[in-house]
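Written out below as structure tokens is the structure these notes cover.
What follows draws every value from the coordinates through simple rules; no lab data is involved. This structure is a prediction, so every number in the text was calculated from the model and none was measured. As a convention, Cβ positions derive from the backbone with ideal geometry for all residues, glycine included, and neighbour counts pool all protein chains shown.
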Amino acid sequence: MIYEVRALIVAHIEHPGAQHVMRLHAPEIAHQAQPGQFIHIQVAAPGRLRRPVSLMLADPETGHIDILFKVVGEGTRLLAQKQQGEHLQLCGPIGTPFDLETLVKGRVACVGGGVGIPPMIFAADRLKAMGGDVLLFAGSEQPFPFALQPSTFMLPGISPQVHMTIRSLEERDIPCRLSSNNPELPGCYHGYVPTMLEDWLQAVPAPQRQNISLIACGPHPMLQAVAACGERHGLNTWVSLEEYMACGIGGCAGCVVKTNEHDGEHYRRVCVDGPVFDARSVCW
């Protein structure tokens with residue numbers, strides 16, 4: 001079910017790189033939301049297009065949802081001007097989420113890039129709560145908008161000098177490693193996150209590797225690289241696609257992506273048929 005709500009901005013923190021984290025009080029959405037879904041936010045006058053934003057966390061007990069966004073255009077600039085105590089009109093949760101019931105049966109590597117990191121944090125958090133074996137690789141060229149610390153988890157194929165992790169994940173016993181080409185971010189893997197993923201996979205013994213699934217969200221080239229990595233190793237891989245959206249609820253078909261499925265080619269709507277797709281079905 002998709003709800004339309006007037007959500008209170010509980011907190012709004014600006015981070016370097018024009019990145020913003022907001023906590024919203026939206027109990028109906030918090031109760032229903034699953035990793036991979038998003039909300040559609042009204043940031044300008046009624047009649048103007050809403051902005052889709054992925055969910056980073058959802059807490060049914062408090063009714064809070066957390067989002068992370070980066071200012072890249074007029075809509076996100078207006079959203080960034082909203083202050084704690086104001087309200088936002090939004091609808092959600094929207095979209096097909098990750099199938100956590102299937103994923104939790106094996107080991108899951110979550111891969112996030114830029115503003116694609118939030119749904120990976122959400123997925124890792126839920127999988128861990130379900131008793132799953134999960135880890136997260138995150139890449140960004142901007143300073144990470146999270147509290148960081150050295151990790152106590154050792155990962156095969158990853159140098160001990162690559163030790164920085166997201167503190168909230170470390171506190172929940174979720175192994176995590178960060179990558180960046182930004183030399184001002186010490187303790188990170190120097191390179192792109194799919195390359196770090198490949199280094200780790202190659203170091204995992206083959207019998208254990210076959211029990212791994214990949215899930216990813218981020219820029220299109222990153223997703224394509226993760227899909228190729230999964231294909232090389234014969235791993236089930238799901239990606240959460242990012243596309244420009246108009247209506248956000250499947251009516252306008254403005255966010256279609258071409259897929260190749262068992263019964264032929266299709267044009268699927270990212271907003272409602274996705275945003276999560278089997279990576280093997282996407283026509284990259």
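Numbers at a glance
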read-out	value
Acute angle (nearest 10 degrees) that the helix 220-233 long axis makes with the longest principal axis of the chain, alpha-carbon atoms	40
Cysteines (scope the chain) whose Cβ has no counterpart Cys Cβ under 4.7 Å	91, 110, 176, 188, 217, 229, 255, 271, 283
Fewest-first sequence of 23, 280 by Cβ atoms within 10 Å of each Cβ	280, 23
Computed [θ] at 222 nm, helices only, for the chain once each DSSP H run of length n ≥ 4 contributes -39500 (n - 2.57)	-6000 deg cm²/dmol
Sites residue 133 and residue 184 - FRET efficiency at Förster radius 45 Å, r taken between beta-carbons, to 0.05	0.85
Share, in percent, of DSSP beta bridges within the chain that are antiparallel, nearest 5	65
Exposure proxy order (Cβ contacts within 10 Å, fewest to most) of 190, 64	190, 64
For the range 126-284: Kirkwood Rh in Å [reciprocal of mean 1/r, alpha carbons]	17.1
173, 66 arranged by Cβ crowding within 10 Å, fewest neighbours leading	173, 66
Cβ charges +1 (Lys, Arg) and -1 (Asp, Glu), total dipole of the chain, debye	240
P(r) weight above 32 Å for the chain, C-alpha pairs, percent	21
Positive minus negative residues near residue 280 (Lys, Arg vs Asp, Glu; Cβ under 13 Å)	-2
Sites residue 253 and residue 152, calculated FRET efficiency, Cβ-Cβ separation with R0 41 Å, nearest 0.05	0.30
Within the range 8-39, backbone nitrogen closer than 18 Å to the virtual label 7 Å beyond the Cα of residue 220 toward Cβ	none
Mean separation of Cα contacts under 8 Å (6+ apart) over length of the chain, as relative contact order %	16
Inter-centroid distance (Cα atoms) of the range 66-90 relative to the range 215-284, Å	26
